[in-house]
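> One structure coming up, written as structure tokens, with questions to follow.
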Amino acid sequence: MIIYNRLWSLLEEKNISQYKLIKMGISPSVLDRLKHNQGVTTDTIDKLCTILDCNVEDIMNYTKDNNHS
């Protein structure tokens, strides 16, 4: 399972609001999916990394989901 906790920490660290992300092209529905650790496209991940000037591992990490074993 992909977890986006690092994204929220990085947004706080860089003082970037969710409203600013929306203004930069990240839709509210995508933000909702991220909040609930649901799947998003690689285009979304690319856009976030560009906006935040970061690497993929700075906004997400993998954890084993025992429910899908």
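FYI, it's all coordinate maths here, none of it is from the lab. Predicted model only: the values in this text are computed from it and were never measured. Counting neighbours? That spans all protein chains shown, and the Cβs are built from the backbone with ideal geometry, glycine included.
> Being exposed (fewer than 15 other Cβ atoms within 10 Å of the Cβ), closer than 20 Å to THR63 by Cα and not polar (S, T, N, Q) is the filter here; which residues of the stretch 5-16 pass it?
Correct list: TRP8 only.
> Next up: Of all residues in the stretch 17-59 being among the basic types (Lys, Arg) and surrounded by 11 or more Cβ atoms within 10 Å (Cβ to Cβ), which is farthest from TYR4 (Cα to Cα)?
Top of the filtered list is LYS20.
> Touching an Asp or Glu at 6+ places or on another chain (Cβ under 7 Å) and not basic (Lys, Arg), is that true of LEU10?
yes
> Using beta carbons and a limit of 8 Å, which pairs, at least six apart or on different chains, have the first residue in the stretch 1-22 and at negative phi and the second one of a type in the set (Gly, Ala, Ser)?
ILE2/GLY39; LEU11/SER17
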